[in-house]
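For reference, the structure discussed in these notes is given below.
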Amino acid sequence: MEHDLSIGAVSERTGVAPTALRFYEAEGLIHSDRTSGNQRRYHREVIRRVSFIRVAQQVGLTLEEIRAALDSLPDNRTPTTKDWEKLSAAWRPRLDAQIGILERLRDRLDACIGCGCLSLGVCKLMNPGDKAALAGPGPRFVLDAD
């Protein structure tokens, strides 16, 4: 198995376009070495980093959050299981909060979400007089855990 991978090989393995890989590299999320012909070569461990980025983006995490997480991993060696466990433990509260929002959205999308529109009949029962507005703007019943 090849140790250093071309951008095409990483793209094929991760499902991420070469343009996105170059963007991730420009943002400092991943790193490559250059051949004598100035071609990018990625160490195999970049596959896991790119896969992590891809999943994190799919659940709505920001590039800043992703960058901070990846910055906690070592640059000079392939991250170990312990390194990933540390990152996972640090992210667990953030992911649990995101899961809570997604569950509340799933469970309330066909009913009142506390946005103040009062356009559904059930909104008048669940949010009479737009009482949710006292908690702040937006879909309070989805964004708030209470």
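For the chain, the dipole from Cβ point charges (+1 on Lys and Arg, -1 on Asp and Glu) about the Cα centre works out to 100 debye, to the nearest 20. When the charge dipole of the chain is built from unit charges on Cβ atoms (+1 for Lys and Arg, -1 for Asp and Glu) and taken about the Cα centre, the candidate among Ala56, Val122, Ser11 whose Cα reaches farthest toward its positive end is Ser11. In terms of surrounding Cβ atoms within a 10 Å radius of their Cβ, Leu109, Leu61, Leu70, Leu102 rank from fewest to most as Leu109, Leu102, Leu61, Leu70. Of the residues Asp83, Asp110, Asp71, the one that moves most in a GNM of the chain with alpha-carbon contacts below 10 Å is Asp110.
Applying both filters, DSSP loop and at most 15 other Cβ atoms within 10 Å, to the trypsin sites (Lys or Arg not before Pro) of the stretch 1-44 gives Arg44. Stretching Met126 away from Arg106 to a fully extended chain increases their span by 5.5 nm, per 0.36 nm per residue minus the current alpha-carbon distance. In the chain, the calculated helix contribution to ellipticity at 222 nm averages -16000 deg cm²/dmol per residue, counting -39,500 (n - 2.57) for every DSSP H run with n ≥ 4.
Each Lys and Arg adds +1 at its Cβ and each Asp and Glu adds -1 at its Cβ; summed about the Cα centre, the stretch 1-80 shows a dipole of about 180 debye.
Give me the orientation-averaged projected area of the Cα convex hull of the stretch 4-97, in nm², one decimal. Can you show the working numbers first?
Working: hull surface 24.4 nm².
Taking a quarter of the hull surface, the average projection is 6.1 nm².
Got a sec? Which residues in the stretch 77-114 would a label at Ala133 touch, if it sits 7 Å along Cα→Cβ and we count backbone N under 19 Å? Backbone N within reach: 112-114.
Can you list the DSSP H helices in the chain whose Cα atoms extend at least 30 Å along the helix axis and whose mean Kyte-Doolittle hydropathy is -1.0 or higher?
On the way: long enough: 81-108 (38 Å, -0.96).
Helices meeting the span and hydropathy rule in the chain are 81-108.
Ranking Gln39, Gly138, Pro79 by how far each Cα lies toward the positive end of the dipole of the chain (charges on Cβ) leaves Gln39 at the top.
State the extension gain, in nm to one decimal, for the chain segment bounded by Gln57 and Cys117, taking 0.36 nm per residue of separation less the distance between their alpha-carbons. Mind dumping the intermediate values first?
On the way: separation 60, 0.36 × 60 = 21.60 nm, distance 2.97 nm.
Length gained between Gln57 and Cys117: 18.6 nm.
Averaging Cα coordinates gives a centre for the stretch 74-116 and one for the stretch 1-29; these two points are 25 Å apart.
Shape index of the stretch 47-111: Rg/Rh, with Rg the Cα radius of gyration and Rh the Kirkwood radius from the inverse mean 1/r over Cα pairs, equals 1.07. Estimated from the Cβ-Cβ distance and a Förster radius of 22 angstrom, the FRET efficiency linking Phe23 and Asp75 is about 0.70.
Using θ = phi - 60° in the Karplus curve 6.51 cos²θ - 1.76 cosθ + 1.60, the 3J(HN,Hα) couplings for the stretch 29-36 round to 7, 9, 9, 9, 9, 10, 7, 4 Hz; x is entered for Gly and Pro.
Quick note: the coordinates plus some simple rules give every number you see, no bench work behind them. Note that the coordinates shown come from a computational prediction; the quantities given were computed from them, not determined experimentally. Positions of Cβ are generated from backbone atoms using ideal geometry, with glycine treated the same way; all protein chains shown enter the neighbour counts.
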